[in-house]
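> Can you read through this structure? Questions will come right after.
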Amino acid sequence: MSTVTRQAGPTVPAGPARPLSERRPLGDRTFQIVALVSGLLVLVILVLIAVSTTQQASLWFRTEGWGIFGTNWNPAANQFGALAFIYGTAITAAIAIILAVPVSVGIALLLTEVVPYRWARPIVYVIDLLAVVPSVVWGLWGILVFAPWIEGIYKSIGSGVEGIPVLGNLFGPPVSGASFFTAGIILAFMITPIVTSLSREVIATVPTIDKEGAYALGATRLEMITGAVWPHSKGGIVGSVLLGLGRAMGETIAAALVIGSSATITSHLFAPGDSMPAVIANQFPEASGTFRAALIGLGVLLFAFTIIINVIARAIVGGAAEQGSA
């Protein structure tokens, strides 16, 4: 018996080799172009906003120079130092973050790690509804209901800590229902649903095998959260907190109604103050000339601050995603 061995020849390609981009369907290429144009359009709009507002605020920048960071805001004397409003914005946002973050992260952990899904779903619906309440509603409730009620508490605290070196400077007289602290509390109410929702979504992405592995090693629920959930979620939670901070800094109507509208720099948190969004909303209708340019300049500064915060948040979230995929 003879065996015939056939040697296979070289494989002939079925067709001409073309780049993948040339073989993609028309619909995919169209979608790619539309998505690219949409992304570029957002950047163009942001640049146009920054350029146009900066041009309209240039009179203030030229007139005041570094005096824009001064402490004296007196439109009647053409003095427009913005430091009091920058201070008020930072203080109210910091109060909001300090109050909102522990509550938000606690609720997120409760809904994802403790409460069964059938009971967590109604709570999630309520939190989502709180996120869409208009800011003017929060502001009206704050000035008409919350501020008069909490002013009595402020007076009790102020009289109790008066004369104590640090606490007296923070919580002592003067006391007002419309104050830095009231604005911070209202802003905390407003950003809690946002931070909670984002944190809950991040925590929900923790692999089940990591949590079950922690339990298998004998970890308690708290040890499982600190050892498995937190390392996986900390970047996303920090990003959600920074996004909430940006929202707190940029909130206008609610802050304008409850902060007290006083351009002062004081360590007393129960005293009235003012912030950049609030002063723009309250004084812009009557402004002209340098006064109007100064208010627009406050908007430019606020725009720059919020952009920086959002960029930092995106960098933190992106870094956490890279660590998670490594």
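The values are calculated or read from the model by the stated rules, or taken from the named source; none is laboratory data. In this text, all values refer to a predicted model and were calculated from it rather than measured experimentally. Cβ: placed from backbone, ideal geometry, glycine included. Neighbour counts: every protein chain shown. Only protein heavy atoms, including side chains, enter the accessible area calculation; ligands, DNA and RNA are left aside. Shrake-Rupley method; radii C 1.70, N 1.55, O 1.52, S 1.80 Å.
> Run the numbers for residue 205 and residue 48: contour at 0.36 nm per residue of separation, minus the present Cα-Cα distance, in nm.
Roughly 52.8 nm would be gained on extension.
> Can you work out ³J(HN,Hα) from phi for every residue in segment 201-213, in order, using Karplus 6.51 cos²θ - 1.76 cosθ + 1.60 and θ = phi - 60°, giving whole Hz and x for Gly and Pro?
Values, residue by residue: 5, 5, 5, 5, 8, 5, x, 4, 5, 5, 5, 5, x Hz.
> If you don't mind, another one. Accessible area of residue 215, 1.4 Å probe, to the nearest 10 Å²?
100
> P(r) for segment 180-326: what percent of alpha-carbon pairs falls in each 5 Å bin, starting at zero?
Percent of pairs per bin, in order: 2, 9, 14, 15, 14, 12, 10, 8, 7, 5, 3, 1, 1, 0.
> Using just the helices of the chain, give the 222 nm mean residue ellipticity in deg cm²/dmol: DSSP H runs with n ≥ 4 each add -39,500 (n - 2.57), and the total is spread over all residues, rounded to 500.
-22000 deg cm²/dmol
> Radius of gyration and Dmax for the chain's Cα atoms, expressed in Å?
Answer for the chain, Rg first and Dmax second: 27.5, 115 Å.
> Read phi for every residue in segment 150-161 and hand back ³J(HN,Hα) as whole Hz from Karplus 6.51 cos²θ - 1.76 cosθ + 1.60, θ = phi - 60°, with x for Gly and Pro.
Once rounded to whole Hz, the list reads 7, 4, x, 5, 4, 5, 5, 5, x, 5, x, 9.
> Right, another one. Using the alpha-carbon atoms, what tilt in degrees (0 to 90, nearest 10) does helix 26-56 show relative to the longest principal axis of the chain?
20
> Okay, next question. On the accessible surface of the chain, probed at 1.4 Å, how many percent belong to carbon and sulfur atoms?
Carbon with sulfur: 68 percent of the solvent-accessible area.
> Suppose R0 equals 30 Å; then what is the FRET efficiency for residue 215 and residue 128 from their Cβ-Cβ distance, rounded to the nearest 0.05?
Step by step, r from the Cβ atoms, then E = 0.50.
> I've got another one for you. Report the FRET efficiency, 1/(1 + (r/R0)^6), for residue 140 and residue 304, where r is their Cβ-Cβ distance and R0 is 22 Å, rounded to 0.05.
Once rounded, the FRET efficiency stands at 0.15.
> Of the peptides 161-170, 107-116, 290-299, 57-66, how do they stack up when ordered by the mean number of other Cβ atoms within 10 Å, highest first?
Going by the mean number of other Cβ atoms within 10 Å, highest first, we get 290-299, 107-116, 57-66, 161-170.
> What order do you get for 32-45, 123-136, 194-207 when each peptide is scored by the mean count of other beta carbon atoms within 10 Å, highest first?
With the highest mean Cβ count within 10 Å placed first, the list reads 194-207, 123-136, 32-45.
> What does the accessible area per residue of the chain come to in Å², with a 1.4 Å probe and no ligands, DNA or RNA counted?
56
> To continue, here is another question. Can you tell me how much longer the chain between residue 121 and residue 78 gets when fully stretched, taken as 0.36 nm per residue apart minus their C-alpha distance, in nm with one decimal?
Stretched fully, the residue 121-residue 78 segment lengthens by 10.0 nm.
> Pull up all non-local amide H partners of residue 177: gap of 5 or more, or a different chain, and H-to-H distance under 5 Å with H placed in the peptide plane.
none
> Could you pull out every residue, at least 5 positions away or on a different chain, whose amide H is within less than 5 Å of the one on residue 79? Hs are placed 1.01 Å off N in the peptide plane, and Pro or chain starts have none.
It is 74, by chain and number.
> In whole angstrom, how far apart do the alpha carbon centroids of segment 170-217 and segment 64-117 sit?
The distance from the Cα centre of segment 170-217 to that of segment 64-117 comes to 15 Å.
> Give the separation of the Cα centroids, segment 286-316 to segment 218-267, in Å.
21
> So, by mean Cβ neighbours within 10 angstrom, what's the order for 250-256, 174-180, 73-79 with the highest one leading?
With the highest mean Cβ count within 10 Å placed first, the list reads 250-256, 174-180, 73-79.
> Taking θ as phi - 60°, what are the ³J(HN,Hα) couplings along segment 295-310 by the Karplus curve (6.51, -1.76, 1.60), each to the nearest whole Hz, with x for Gly and Pro?
My calculation for segment 295-310 gives 5, 5, x, 4, x, 5, 4, 5, 4, 5, 4, 5, 4, 4, 5, 5 Hz in order.
> Check residue 260: other-chain or 5+ apart residues with amide H under 5 Å from its amide H, H built from backbone geometry?
HN-HN under 5 Å from residue 260: 273.
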